[in-house]
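Let me begin by presenting the structure, written as structure tokens, before commenting on it.
We did not get these values from a lab; they are worked out from the coordinates using the rules stated. Because the structure is a prediction, the values reported are computed rather than measured. Quick reminder, even Gly has a Cβ in these numbers, built from the backbone with ideal geometry, and neighbours come from all protein chains shown.
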Amino acid sequence: MRNQRVHRRSTRPQIAPAAGLRLWLARLLLLILAAGSLAVAATVLRPDRWLNDVKYLSSDELKGRGDGTPELDKAADYIEEQFRKAGLQPLPGGFFQPFAAATGADLGKDNQLIALTPKSQSYRLRRDFVPLSFSASGEKSGGVAFVGYGITAPEYNYDDYQGLDVRGKIVLVLRHEPQENEQASVFRGRQLTRHAEFMSKAINARNHGAAAVLVVNDPANHSSGDDRLVPFGSSSGADDLGIPIVQVKQDAVNAWLSAAGRSFPELQKAIDRDLSNHSFLLPANFQITVHTEVHQRRSNLKNVIGVLRGSDPKLRDEYIVIGAHYDHLGSGEQGGSMSAAQIGQIHHGADDNASGTAGMMELARYFAAERASLRRSILFMAFAGEELGLLGSAYYVQQPLAPLGHTIAMLNLDMIGRVNNNKLYIGGVGTSPGFRKLVEEEN
């Protein structure tokens, strides 16, 4: 789960019985999609079997299932074994879909941040700025654009880039998202969304043509002693994104914006007040040079994929995907740990996402026992690289093993082991006109 890394736990959480409810609802939705009916099946879901899977995947033996570790390969072998036992078939090439990914990075010697004002000023590495581990290497110079939180979120009717051309500019973005501490915020209240992630901001900036990205902690909520640079290597992400990405301290940004006649804290407050757009170009005579040297380490990962073939000659070539990521944080060295003090300890990942992987395998067993009722085919997928930036699922979309045009729906199981206030949260219902109706009918 990549909604926000700071909420991680390194200890093994208690798993709630609610997983059975989540699997029950998933079964209902999938029966409608795959079987075309709500006929009651004789097969039952087995919570005890689900729990045994969770316990193994989150055991000390698997050491937190970090990407690029032998223990993640061991987890993949276990998932493949369960697929085989359930009677799933491999796709051409077998149950594994291998891919390479950056699973770590080393900081080179040549990293610089220079403000080219009437008086040039250089900043100190690790004291005033630090590159992120998925930053490109190279040098970029140019004018600066303040783009608020750097978010484009049509689902919230919010766009910091609206009306501003940042092509070739170095964009300055706030670290989190609007109204971070307000429960009534449209950005899911106090729970941060994917838009708060470093990776999301970097990709959005690149998509708008930015030359480089400077990220700064928002002053209203994270100032003074809370204005910390993330340690290099603790911000996980995908491969080199093609542009330099650097985090910078608030003191530098305060000086830049003050010279432009703006107050940094007041800009954030204005955005948070009513979600209005306050993005602007800094004066043309203010230029910044960013030079980064980041060396990425690559590892071989693999998705685990099995299929149950449908029985209807007209519909069996249509696919429904049931997916879950099976990687976690290992010992925290790749980033995502809740506390620097916990780095080096096993991050078991029972809820995130042994619970979802176990749920996916239990649904595979369930539907394998009911395969005669399946009209459409079902793909069961366990993704690696999620903790590095949704890499496994992204790779499958780029290199699909079944035609995407024939893939009609996807159910993703992520952190299904615990319940908050006895509520079941289902996201993504807006991605299909029929999903919301199905959920509301079964609520």
Hey, which aspartates and glutamates would be in cross-link range of K74, C-alpha to C-alpha under 18 Å, not counting anything within fewer than 8 residues on its own chain?
D53, D60, E61, D327, D352, E386, E387
Rounded to whole Hz, the Karplus (6.51, -1.76, 1.60) HN-Hα couplings of the stretch 316-323, x for glycine and proline
5, 8, 9, 10, 10, 9, 10, x
If T193, T117, T103 are placed from fewest to most neighbouring beta carbons inside 10 Å, the sequence is T117, T193, T103
Any chance you could run the full-extension gain for Y425 through D48? It's 0.36 nm times the residue separation minus the Cα-Cα distance, nm to one decimal.
133.4 nm
Could you work out how far helix 250-259 tilts from the main Cα principal axis of the chain, as a 0 to 90 degree angle to the nearest 10?
50 degrees
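For each of K302, K109, count neighbouring Cβ atoms within 10 Å of the residue's Cβ, then give the residues from fewest to most.
On the way: K302 21, K109 6.
Ranking K302, K109 by Cβ neighbours within 10 Å, fewest first, gives K109, K302.
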What would the Debye equation give as log₁₀ I(q)/I(0) for the stretch 109-292 at q = 0.11, 0.17 Å⁻¹, counting only Cα atoms as equal point scatterers?
-0.42, -1.08
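Under 1.5 on a/c is rounded, so check that first for the chain, then, if it is not, pick prolate when a/b is larger than b/c and oblate when it is not; a ≥ b ≥ c are the square roots of the alpha carbon gyration tensor eigenvalues. Could you put the intermediate results ahead of the total?
Working: a/c = 2.11, a/b = 1.83, b/c = 1.15.
Judged from the Cα gyration tensor, the chain comes out prolate (a/c at least 1.5, a/b above b/c).
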Report the gain in length on full extension from Q399 to D106: 0.36 nm times residue separation, minus Cα-Cα distance, nm rounded to one decimal.
102.6 nm
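Quick check: net charge around G385, other residues with Cβ under 9 Å of its Cβ, Lys/Arg +1 and Asp/Glu -1? All intermediate terms of the calculation are to be shown ahead of the outcome.
Numbers: positive: none; negative: D67, D327, E386, E387.
That sum, taken over residues with Cβ under 9 Å, equals -4.
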Please compute the modelled spin-label separation between E155 and N221, points set 7 Å along Cα→Cβ, answer in nm with one decimal.
1.7 nm
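State, as an integer percentage, the relative contact order of the chain based on alpha-carbon contacts under 8 Å between residues 6 or more apart. Kindly include the intermediate steps, with their values, before the conclusion.
Details: 952 pairs, mean separation 124.7, N = 443.
Value for the chain: 28 percent.
Out of the DSSP beta bridges found with both residues in the stretch 295-399, what percent are antiparallel (nearest 5)? Write out the running numbers ahead of the final one.
Working: 5 of 12 bridges.
Counting DSSP beta bridges with both partners in the stretch 295-399, the antiparallel share is about 40 percent.
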Between E182 and S258, with labels modelled 7 Å along Cα→Cβ, what's the label distance in nm to one decimal, could you check?
2.8 nm
Within the chain: Cβ-based charge dipole about Cα centre, in debye rounded to nearest 20 (Lys, Arg +1; Asp, Glu -1):
320 debye
Burial ordering of S373, S355, S258, fewest other beta-carbon atoms within 10 Å first:
S258, S373, S355
Could you sort 292-298, 376-382 so that the peptide with the highest average Cβ count within 10 Å comes first and the rest follow in order?
376-382, 292-298
Longer than 22 Å from Cα to Cα, which of K109/K302; K63/K85; K201/K423; K249/K269; K63/K423 are they? Say none if no pair is.
K109/K302; K63/K85; K201/K423; K63/K423
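Please compute the Kirkwood hydrodynamic radius over the stretch 122-228, one decimal place, Å, based on all pairs of different Cα atoms. Mind dumping the intermediate values first?
Details: mean 1/r = 0.0682 Å⁻¹.
One decimal place: 14.7 Å for the Kirkwood radius.
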Once you list every other residue whose beta carbon is under 12 Å from the beta carbon of G87, what net charge do they have if Lys and Arg are +1 and Asp and Glu are -1?
+4
Anyone know which of V215, V166, V246 comes out most mobile in the 10 Å Cα GNM of the chain?
V166
Choice from A136, A202, A369 showing the highest fluctuation, given a GNM over the chain with Cα pairs closer than 10 Å
A369
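May I ask for the net charge around L174, where only other residues with Cβ less than 11 Å from the Cβ of L174 are counted and Lys, Arg are +1 while Asp, Glu are -1?
Numbers: positive: R175, K201; negative: D160, E177, E180, D218, D272.
Neighbour charge sum, excluding L174 itself: -3.
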